[in-house]
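Following: one structure in structure tokens, then a few remarks.
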Amino acid sequence: MSNSKNKIIELKNVSMTFRDSDTPVLNNISLDIHDNEFVTLLGPSGCGKTTTLRIIGGFATPDKGDLLFNGKRINDVPPYKRQVNTVFQKYALFPHLNVYDNVAFGLRISKVPEKEIKQRVAEMLEIVDLEGFERRSIDQLSGGQQQRIAIARALVNNPKILLLDEPLGALDLKLRKEMQIELKKIQQRMSITFVYVTHDQEEALTMSDTVVVMNKGEIQQIGTPQDIYNEPVNAFVADFIGESNILPGIMHRDYLVEFAGNNFDCVDGGFDEMEPVDVVIRPEDITIVPASDEVLNGVVETVTFKGVHYEIVVNAYSDYWIVHSTKSANVGEVVGLSFTPEDIHIMKKSEMPKITRYTVGQGEEA
Amino acid sequence: MNKNTKWVASPYLLWMVVFVIVPLVLIGVFAFTVNVPYDLEGNRLTEEQASELKLAYEGTDEEIPVVYKTVFSWNNIIAVSQYLPVLLNSAWLALIATLICLVIGYPIAYLMSRVNPSYQRLIQMLIMLPMWMNFLLRTYAWMTLLEKNGWINRILGLVGIGPFDMINTQGAVVLGMIYNYLPFMILPLYSVMLKIQNTTIEAAQDLGAGNIRVFTKVVIPLSMPGIASGITMVFVPAVSTFIISRMLGGGTNMLIGDLIDLQFLGNAYNPNLGAAISLVLMAFILLCMSITNQLDNGDEEMEGKML
């Protein structure tokens, strides 16, 4: 959903290994980032998302591959010569300067006249909603305020690209939600490319035009939040983006899959006959119905109230199924699990070890 | 502090009173008093009269009819003024040594704080190592190095340079100060620089600052407290040293420390004057420290101008 086809950043076959390690942090990454795009690099810690950001910022140099800015190779351009600014994970504000001087730092370096600096700092403080804080010292600010100063300090330089490294990680939930909306607004208003790093899948889905899911130094999937959520390419993505029921299955032929001891109609095709696959069904796509021969039956194991919905774990055909339902169920009750062919997502077996984060009863299937 | 645990500090209080407050008071008393001779009738005698009387009675069985009374006087403090050149010379040499320590120590401390921790420990060890040896021994070693036919001149002689007069010069005294007090500059700087986050430096680079400006606008301002305490920790012992100047300066370059030493343990025995010089030196050091403290506290007000 990029607003323009113009590529501003291109990563081409980038690989990198840290000096004191054998396994690569990044393994042959290729990624295009467009003008005015809000791109989120999403993945668990150690997946290489921060390293990717540091390469774009100039704080890390890839061993192999090229980094292009507007088509020009900038691998060896030092950070202070790049038209990129960064909001660091722990803000990294200058403790010896007050709010005004922090925000003015970059403008003073580039010798902007003081009068213009004054005006631009004032505008920026207004955007981040901190007018009147000019003379405050940094340690007088709350985490949320420091975070907004860090954003103002970067944005005031009119960068072509703003890099954000888990900028909301230290904030509490309510403030984080507010800042997500705020950041998205700022990005649209100033029409700047944002490259955002997070491990929070909800944050990624809320804010991004494009989500890049990474794991173990490799890109798993690039797509819009809807694509990533509805059409995950493998079990890792499906599991990382929201809770999922991931089950081993066998593709009998196009549009017919076997799992949990039954054959089901589905909408996916293009697999080999009898190919082993992963079947993903989202917890909110499953409806609890009275037990019958028409549906998959199971025993309710646990029921947990989650606010908006109940999380119900059902043991069916030796697998634990997670169901999100607005109606509760009784533990021990035999129920039916109902879902439509559209709710069944078929994915090629991933080579990655199975993730056991949400599927509790993995031992039984092995 | 909790009321019940306050007593834990009492040994320290006792220590302070016995070894800090009492000596300070004594120095004050000595500095502002003189011993004046009187005869037995209570008439004030001049120093000449007193020594005449002592000479006259020497060797006889009779008691010398001279009593000394301690009276308040400004004379000691006034007398210190004639030693002002010595004080200024000491301060000058200590200042040069302090500045050179800062110039040498600052980059060492900075690099030390940026390398990986195992190297940091090694460098720290190398800096501390000479300090494990006796101070006198270290200074003696420099004597044998700097002598007319010492090691340095001998080695220079092999390539046909020299010999140079190195020992018994002010330069040798400054060298001794630098050598002995350099660790006291490096260590406080290092501990302050350790607290400068790498991301703070990266943030400055990110905002367009090259290496030089990262240094002048971020690293130096953030290390000001270390600079202030390093300067204090080198300047204060350097300005009052007497061993270094005696051994490497050969007694030709008397420092204020030597002068005090002479009044207590030397030929010029006069504890009252010695105490007065100490007191003036103390006041001078306090003045210098308050200036360096400005350096530390002042940076918040100064930063606007620095940028």
When a footprinting reagent is the concern and you count Cβ atoms within 10 Å, what order do B:Arg246, A:Arg148, A:Arg253 take, fewest first?
A:Arg253, B:Arg246, A:Arg148
Over chain A, the sum of -39500 (n - 2.57) across DSSP H runs of at least four, divided by residue number and rounded to 500 deg cm²/dmol, gives at 222 nm -7000 deg cm²/dmol
Any helix of chain B counts here only if DSSP assigns it H throughout, its Cα atoms span 18 Å or more along the axis, and its mean Kyte-Doolittle hydropathy is at least -0.5, and such helices are B:84-114, B:170-193, B:224-239, B:271-297
For the pair A:Lys111 and B:Asn43, how long in nm is the line joining their label points, each one 7 Å along Cα→Cβ?
8.6
Multiplying the sequence separation of B:Trp74 and B:Leu129 by 0.36 nm and subtracting their Cα-Cα distance, what value in nm do you get?
15.2 nm
Arranged from highest to lowest average of other beta-carbon atoms within 10 Å per residue, in what order do the peptides B:132-138, A:23-29 appear?
A:23-29, B:132-138
Mean Cβ count within 10 Å, highest first, over the residues of peptides B:279-288, B:194-203:
B:194-203, B:279-288
What aspartates and glutamates sit close enough to A:Lys111 to cross-link, taking a C-alpha to C-alpha distance under 15 Å and skipping anything fewer than 8 places away on the same chain?
A:Asp101
Could you rank the peptides A:63-72, B:169-178 by their average count of other C-beta atoms within 10 Å per residue, with the highest value first?
B:169-178, A:63-72
Calculated FRET value between B:Leu99 and A:Thr61, using beta carbons and R₀ = 35 Å, to 0.05
0.35
Of all DSSP beta bridges located in chain A, what percent are antiparallel, nearest 5?
75
Shielding by partners, peptide A:155-161 (average Cβ within 10 angstrom, other chains):
1
Using a 10 Å cut-off on Cβ to Cβ distances, tally the other chain neighbours for every residue of A:93-105 and report the average as a whole number.
5
B:Lys148: which aspartates and glutamates have alpha carbons under 13 Å from its alpha carbon, excluding same-chain residues fewer than 8 sequence positions away?
B:Asp165
Can you pull the mean other chain C-beta count within 10 Å for peptide A:53-63?
1
Taking every DSSP beta bridge with both residues inside the protein assembly as shown, roughly what % is antiparallel (nearest 5)?
80
Determine the alpha carbon to alpha carbon distance for each of A:Lys177/A:Lys306; A:Lys72/B:Lys195; A:Lys174/A:Lys306; A:Lys118/A:Lys185; A:Lys185/A:Lys349; A:Lys12/A:Lys348 and list only those over 29 Å.
A:Lys72/B:Lys195; A:Lys185/A:Lys349
Pairs from A:Lys64/A:Lys216; A:Lys49/A:Lys81; A:Lys7/A:Lys115 whose Cα-Cα separation, in the structure shown, is over 28 Å:
A:Lys7/A:Lys115
With -39,500 (n - 2.57) per DSSP H segment of 4 or more residues and division by the full residue count of chain B, the 222 nm estimate, nearest 500 deg cm²/dmol, is -20500 deg cm²/dmol
First check a/c for the stretch B:1-103, with a ≥ b ≥ c the square roots of the eigenvalues of its C-alpha gyration tensor; if it is under 1.5, answer rounded, and if not, answer prolate when a/b is larger than b/c or oblate otherwise.
oblate
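Just so you know, all these numbers are worked out from the coordinates, no wet-lab data involved. Keep in mind that this is a model prediction, so the values were computed, not measured. Glycine also receives a Cβ, built like all others from the backbone with ideal geometry; neighbour counts cover every protein chain displayed.
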